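For reference, the structure is listed below as C-alpha cells.
The values are calculated or read from the model by the stated rules, or taken from the named source; none is laboratory data. Keep in mind that what you see is a predicted model, and the values were worked out from it rather than measured. Positions of Cβ are generated from backbone atoms using ideal geometry, with glycine treated the same way; all protein chains shown enter the neighbour counts.
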C-alpha cells in the first residue's frame, strides 16, 4: 500500500467582481486567488486489495460520503485512470466549511494530485484541469496555487507574479454562507462573457495596485447578515491592515498585514468578540508545490 500526506491550503480572494449571469446559468467572474497557510491535512492511500473510496474525517464537521468533494474527486481519478483499486482518505478539517476559503475544493484538488502520483500513471495537465473544473469552479486554482487570476466562472486560471509574503488575519463568524443563496441575493445584472472580457485589464490593475481597496461584490449582501463583519473590517484597517475584505461569497473576512506584529495584535483584538480567528500568511506557488511528490510506502 502507498500513502501520501499533504496539506490542502485555503485561499482568499483579492477582489471579486460578479459581472452577471451567463447563458449556461453560471456567473461571469473576475477574481485574484491567493493561497494562504491555513490548511486541511490529508493522508491518502491507494490499495490494490479493494475497490471504491473510503473517507474518515476529524475537525470541522463535513459530509463523509459522496456529498464530500474529496470523495467525488477520488472517484473521478479512479475512473479516468481505469484503476480497479481502493482509495482511503483521512481528512483533518481545519478550514471552516462555508467560509469562502475553498476548503472543499482544496481537498478535492489535493486528492486529484495525490492519487495520480500514487497510481504511477501519467495524466496530461489538460485532463487534470478538466477533471478539476468538473468538480467545482475554483478547484482548478488549487492545482496551481500561489497568486492566480480567475476568469469565467472562476475555473479559467492564469498564474500571476508573486508578491512579498504578508501576514493574514482571518475571522470566521461561526456560521457559513451557502454560495447559491449568496448569488440569489446578489441579483447581479445579466451580462455575457464576451461583453465582460475587456474589463480584465482594469480589474487586475486596480486590484494589484499597492494600497488599492479590495472590492468584493458579496460584501453588501453578507454584511447585512453578519453586521459584525463590517465592524471587524474597520477594526482590521485601524489596526494596520494594508487591505481587508470578504473572501469569496463569505463568511470569512480577512486582513492583509505587512507587519506580523501588527497582525498578531489585530488577531488578539478580534478574538475578544468571540469569533474564530486564525493567524496565517500568504503562500507562494513554489511553497504550494514543494510538498509533492513525496510518496511514502507503508510496510
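Quick one: how many residues across the range 254-274 are touching a helix residue (DSSP H, G or I) at 6+ places or on another chain (Cβ under 7 Å) and part of a loop (DSSP other than H, G, I, E, B)?
Initial filter on the range 254-274 (touching a helix residue (DSSP H, G or I) at 6+ places or on another chain (Cβ under 7 Å)): 255, 257, 266, 269-270, 273.
Then keep just the ones that are part of a loop (DSSP other than H, G, I, E, B); that gives 273.
Of the residues in that region, 1 qualify.
Which of the residues that make up the range 112-151 are assigned to a loop (DSSP other than H, G, I, E, B), touching a helix residue (DSSP H, G or I) at 6+ places or on another chain (Cβ under 7 Å) and surrounded by fewer than 19 Cβ atoms within 10 Å (Cβ to Cβ)?
Residues of the range 112-151 assigned to a loop (DSSP other than H, G, I, E, B): 120-124, 136-140, 145-146.
Now restrict to residues that are touching a helix residue (DSSP H, G or I) at 6+ places or on another chain (Cβ under 7 Å): 121, 123, 136, 138-140, 145-146.
Selection gives 121, 123.
Identify, by number, the condition in (1) surrounded by 14 or more Cβ atoms within 10 Å (Cβ to Cβ); (2) in contact with a strand residue (DSSP E or B) (Cβ under 8 Å, 6 or more places away or on another chain); (3) modelled with pLDDT of 60 or more that residue 199 doesn't meet.
Among (1) surrounded by 14 or more Cβ atoms within 10 Å (Cβ to Cβ); (2) in contact with a strand residue (DSSP E or B) (Cβ under 8 Å, 6 or more places away or on another chain); (3) modelled with pLDDT of 60 or more, the lone unmet condition for residue 199 is (3).
Just to verify a result, which residue in the range 219-248, among those that are assigned to a loop (DSSP other than H, G, I, E, B) and either at pLDDT below 95 or more than 19 Å from residue 34 (Cα to Cα) (or both), is nearest to the chain's Cα centre (by Cα)? Break it down stepwise before answering.
If we filter the range 219-248 for residues that are assigned to a loop (DSSP other than H, G, I, E, B), which is where we start, we get 226, 239-242, 247-248.
From what's left, either at pLDDT below 95 or more than 19 Å from residue 34 (Cα to Cα) (or both): 226, 239-240.
Details: 226: 21, 239: 26, 240: 25 Å.
For the range 219-248, the residue satisfying everything is 226.
Which of the residues belonging to the range 66-91 are over 21 Å from residue 120 (Cβ atoms) and surrounded by fewer than 16 Cβ atoms within 10 Å (Cβ to Cβ)?
Hits for the range 66-91 are 66, 67.
Taking the condition of being over 25 Å from residue 222 (Cα atoms) and buried (at least 19 other Cβ atoms within 10 Å of the Cβ), how many residues in the range 161-188 meet it?
Of the range 161-188, the ones over 25 Å from residue 222 (Cα atoms) are 161-166.
From what is left, the residues that are buried (at least 19 other Cβ atoms within 10 Å of the Cβ) are 166.
Number satisfying all stated conditions: 1.
Any residue that is touching a residue at least 40 places away in the same chain (Cβ under 8 Å), in a strand (DSSP E or B) and within 21 Å of residue 248 (Cα to Cα) - is there at least one of those in the range 57-76?
There is no residue in the range 57-76 that is touching a residue at least 40 places away in the same chain (Cβ under 8 Å), in a strand (DSSP E or B) and within 21 Å of residue 248 (Cα to Cα).
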